[in-house]
Amino acid sequence: MALNGDEEDFEWEPPTEAEMKVIQARRERQDKISKLMGDYLLKGYKMLGECCEVCGTILLQDRQQKNYCVSCQELDSDIDKDNPALNPQAALSQVRERQLASQSPAPSHTPELNESPSSSQGNMSVPQPRPEHCEGAAAGGRTPLPPPAVPSPSRLVLQEAEEAVLTKLRWATNQLQSSASLEASIQLCSLITSCANSLRSLKEVSQ
Amino acid sequence: MPPLEHLHMKNVLQTVGVLEAVILRSFGPEGGQVLFTRDTGQAMLSRSGTRILTALQLEHPLARLCVWKHSTATGDGSKTFILLLASLLRLIHAAASKEPNVSHSYNSTKAAEAATARHLADKLLAFALKELDELIATGVVPYGGRISWEDFTATAQSPSLANNLCVQKLLRSFFHTRFGYTHCDFISHLACELLSYWKFKNELPSFSLQFVSDNFPALHTPVSGFPVCASRLIDGQVIHRDFATPPLKTDHQPVKAVVLTRSLQPTLLNTGDVLEVGCGGRMMEERSIVHFSAWMERSLQGIIANLQTLGVCVLLSAVKQSAAVLALATQAEMCVVECVSEDELSLFVRLSGTIPIWDCSMIEPEHVVTLTFCRPIQLGGHRYVHVAFQDSEERITVKPCSLVICAPGEGQTEQYACALQDAVRMLLRTWEPMHAAVTTTSKRTLQSHKSSSLHTDNLTDRTTYRSSAIQPIHKCVLEPGCVISAGGSFELLLHYALLQHGHSCSVSHDLNIDTSVSQLLANALLSVPQKIYAHSPRHFLETQSKVINSELDLGLESVSCKYQLLLAVLQCVRSLLKVDTVLPTHIALHTQSSRPASTSWEDTEDELLSGYIHLHTHTHTHIVYHAIYKEE
């Protein structure tokens, strides 16, 4: 949606799938906020006429005259999720993006990966059942970490390890998008998790 | 002082979303109850949407606006009101963000969205005022039925009627939503009895219903500490005061009574007056205040003697009488009832056909009313005065009776009384002729609610819509007494009717406006049955097919009440979207005077906050928010 805020006619285009996911996530968050606020109102909190400066949610006040913002203090923040400084997952996805961008022409699914860094955790599409591949891949994903005390040759090893893990991650994502069975998709997701964990450990080791 | 806050649609949506989340769990036949507790330890269970919403502590002006609007709209359906409001706002928001209004130039997309939303709300209201009643008459009413005012109970019906439509069934479904199935049969039977007694012959049903609704506080007595099944009807009128002097010893009938509006002993002296005691220049000794009061007593004795010659034994007084009057009355074997409330006295005057005494020196026979009896009655822990009227031709041809409402606790008696009053209001709406209802609703709300802020709210609302509506007079009238089966059928049928209307509009001519508006309304309406059957989607589908075949038998609902509710929702949407800025001001509040008009039980608790949810008392400075409306 081109929202520039000038006087030109703006063309409305239907939101892409990724944007739809963001909208959906936002709507769910709003629903959660409303439900929590409703519960607090029933407990005797007062709904004020002011909004929180940080997130714009309506403030509540408890009986001790203390102001309370439901979204800031209870729910995980919407935008902190994407901040690499605060969230390791976001950091990992940033690393991944850079890796993929630096490689040769990537397969068709990478643009989507790049566009939706924040919704990478929830891709529940239908995968195909390939259990033996999953196991092998899982075993491959859990590549043994290089020992921490090894000097410079380890840097090459680490890089290779990272590449291998990233390849497996990419493959797993591909499989996840096309798989049709619940079991397989669960296993693929756990594979992705373990790949991400491995990447994190590799990162820690390289630092 | 906090700065001005410009409101965005997001805030409106959030506010209404929160209210929706509050009432959602109590909605529908499987809805739960809210337990209210107070600092004093009293507890009360309620499912009534009005009670829940008015008990919340809301300082946000939009939230208060929603709660006020709903509490003046109908006697029932407050939860449905909030649900429809929320779904409509969400759909309008979605539609507004899709097509920004490109004909104007705005500073930001938010302003453009807000303008589009406002425009949509106006179009919705105009559409509803113009075409909705026709749609209802053609699309919804054929699937329901008509109740005649004469048939109160099922037994009076001819056995050939399969649907068994009667007033009691309608009341039963109403009370079922308030109390559950334990007492709804009993209470609906009692209410039917009350209404059949108060049926004025040769008058429209709306007349009797209006009478009962207006005089309801004087027509019922709450008694706590008894089971609900002990509620009953009593002949005559119960005056909620005890005798100030010993009641009549000999039960000689008939009893003659007079109504006094002022004290029998005139107050010749006020504070600050100086009384010069003398005797016209002639200096006599021993002229003192004693002689003056003796003279006053002699004149009082004269009045009492006058009353005695007329045969009066009961004095009903609107004010407190002095001790001298009471003593003299006791001596003369008259009983006095003091401080009778104004509405009870006016009801008495109306039923007896007498004239209250204004000037005590001129008491004529037409001031005297003959009663069958006037004796004390013990109801619960209080003793009241029970009077019965003699049948006379001049009086209104109705058999007066009073309702005694029993419940285990004080809060519950109040709940039952409120529910009965709301039931009468609902019946009144059902039997009001439709075209008159829309324009005279403002008058009725003026009568039934005392808060002046609500007056101006309603009046300005009505005048603004009247000026903006293209055709103010409806040619199609919904017949009085239309009912439809409960459980979301009205919304489902109207949903389909609107969709069909939208299709036919788009086919016949390209009025895109009408199509999208009717589509929006149709989608919003669907949210109500969806929420009712949220527990079981299968039932939802089954219900849909049953409704079309008119097989649903979950109780009855009034069509005109639903229509009024829908109109009220659309007007509230328009008001909400018109709000532009929130302006905080500081005012000192002694009581929560900004709360909407509440029932008597809440009025008596001035210092404590009304509502049971654990609350503190606040009597210091508050920040009150006022909403500024954008003029367009």
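Read-outs: derived from the displayed coordinates by stated rules, not from any lab. This is a predicted model, so every value here is computed, not measured. Cβ sites come from the backbone with ideal geometry, for glycine too, and all protein chains shown count toward neighbours.
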Net charge of Cβ neighbours under 12 Å - reference B:F207; Lys, Arg +1; Asp, Glu -1: -1
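Going by average Cβ density within 10 Å per residue, which order do the peptides B:28-34, B:114-120 take, highest to lowest? It would help to have the intermediate numbers written out before the result.
Details: B:28-34: 16.0, B:114-120: 22.3.
Ranking the peptides B:28-34, B:114-120 by packing returns B:114-120, B:28-34.
In which sequence would A:R170, B:R350, B:R38 go, from the one with the fewest C-beta neighbours within 10 Å to the one with the most? Show your work: numbers first, answer last.
On the way: A:R170 20, B:R350 14, B:R38 17.
With the fewest neighbours first, A:R170, B:R350, B:R38 line up as B:R350, B:R38, A:R170.
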Flagged links, alpha-carbon separation over 24 Å, of B:K110/B:K578; A:K168/A:K203; B:K249/B:K399; B:K69/B:K546: B:K249/B:K399; B:K69/B:K546
Cβ charges +1 (Lys, Arg) and -1 (Asp, Glu), total dipole of the range A:15-79, debye: 300 debye
Stretchable slack from A:K32 to A:Q103, in nm (0.36 nm times residue separation minus alpha-carbon distance): 21.5 nm
Shielding score for B:22-31, defined as the mean number of other chain Cβ atoms within 10 Å: 2
Principal axis box of the range A:15-79, alpha-carbon based, largest edge first, Å: 46, 23, 19
Equivalent ellipsoid, the range A:153-206 (semi-axes from 5 times Cα gyration tensor eigenvalues, Å): 26, 10, 5
Residues B:Y563, A:Y40, B:Y496, sorted so that the one with the fewest Cβ neighbours within 10 Å comes first: B:Y496, A:Y40, B:Y563
Cα-centred dipole magnitude for the range A:153-206, charges only on beta-carbon of K, R (+1) and D, E (-1), debye, nearest 20: 80 debye
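Please report the net charge: other residues with Cβ closer than 15 Å to the Cβ of B:D359, K and R +1, D and E -1. Working shown, then result.
On the way: positive: B:R262; negative: B:E364, B:E366.
For residues surrounding B:D359, the net value is -1.
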Within-12-Å neighbourhood charge of A:K43 [Cβ basis; K, R +1; D, E -1]: 0
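For B:D185, B:D214, B:D422, which order do you get if you count the other beta carbons within 10 Å of each Cβ and list the fewest first? Mind showing how you got there, number by number?
Values: B:D185 14, B:D214 17, B:D422 21.
Listing B:D185, B:D214, B:D422 from fewest to most nearby Cβ atoms yields B:D185, B:D214, B:D422.
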